[in-house]
Amino acid sequence: MTLQKICDVCGMANPATEMICQRCFSDISRKKPVNSRTPHIEKIIPGLKKQPVFHRETLELDQDKTIREVAPLVLNMSPGQTITVRHGDTIGRDGVGGRILNQFSAVSRHHATFKYFNGRWLVRDENSTNGTYINGTKIGPDKWYELRQKDTLSISSACTFTIQ
């Protein structure tokens, strides 16, 4: 038997010592290791490297759990300007959408992170200088907040998106 931490987001069986999921980079530090009779993934798929996989077009079955690709979240700004985010993406001047966000000096380099959890899109402010707002309400840093269709997400006074 092997102790493993099973990720709630993607279903990946991670070594018991891991704090972050090796597949989707979700926080598993508070997950309790469980006994597993299934050998580690490295023994199931010979030659599999432990390097993280980013935005795969197709996902495979992992230890009898079906993993589905989640549709990306689209942030609409002005006509013709959109940022597409996927699970684990961080937006900001040096992150996803940097080409658009670089023109806004009030946007931090790593402003907000997105994740898909239990069928919902969530956002977390990354201790940005000017904050992140959902429908005009400032969200606290390092906490996850749910996003819904038609919500407005502001990452500076001049940079507001509509969730699609």
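The values are calculated or read from the model by the stated rules, or taken from the named source; none is laboratory data. Quick caveat: nothing in here was measured; it's all calculated off a predicted structure. Please note: Cβ atoms are built from the backbone with ideal geometry, for glycine as well, and neighbour counts cover all protein chains shown.
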Exercise. If you scan the range 1-37, which residues turn out to be among the aliphatic types (A, V, I, L, M) and touching a residue at least 12 places away in the same chain (Cβ under 8 Å)?
Worked result: Met1, Leu3, Ile6, Val9, Met12, Ala13, Ala16, Ile28, Val34
Exercise. Of all residues in the range 110-130, which are crowded, with 19+ Cβ neighbours inside 10 Å and not polar (S, T, N, Q)?
Worked result: His111, Ala112, Phe114, Lys115, Tyr116, Trp121, Val123, Asp125
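To keep it simple, each residue is scored yes or no on (1) within 16 Å of Leu153 (Cα to Cα); (2) at pLDDT 95 or above; (3) surrounded by fewer than 18 Cβ atoms within 10 Å (Cβ to Cβ).
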residue	(1), (2), (3)
Thr82	yes, no, yes
His87	no, no, no
Val96	yes, no, no
Phe104	yes, no, yes
For this session: Hey, could you check the range 118-164 for residues that are of a type in the set (Gly, Ala, Ser) and in a loop (DSSP other than H, G, I, E, B) and say which is farthest from Ile91 (Cα to Cα)?
Result: Gly119
Exercise. Does Ile155 satisfy the criteria of being buried (at least 19 other Cβ atoms within 10 Å of the Cβ) and either touching a residue at least 24 places away in the same chain (Cβ under 8 Å) or in contact with a Cys (Cβ under 7 Å, 6 or more places away or on another chain) (or both)?
Worked result: yes
Problem set entry | Answer residue from the range 21-53, given it is aliphatic (A, V, I, L, M), at pLDDT below 85 and surrounded by fewer than 16 Cβ atoms within 10 Å (Cβ to Cβ) and is nearest to Phe114 (Cα to Cα) among those | Val53
Seminar exercise, completed: Checked Glu60, Glu69 against criteria (in a loop (DSSP other than H, G, I, E, B), touching a Ser or Thr at 6+ places or on another chain (Cβ under 9 Å) and either closer than 18 Å to Thr113 by Cβ or modelled with pLDDT under 95 (or both)); the one match is Glu69
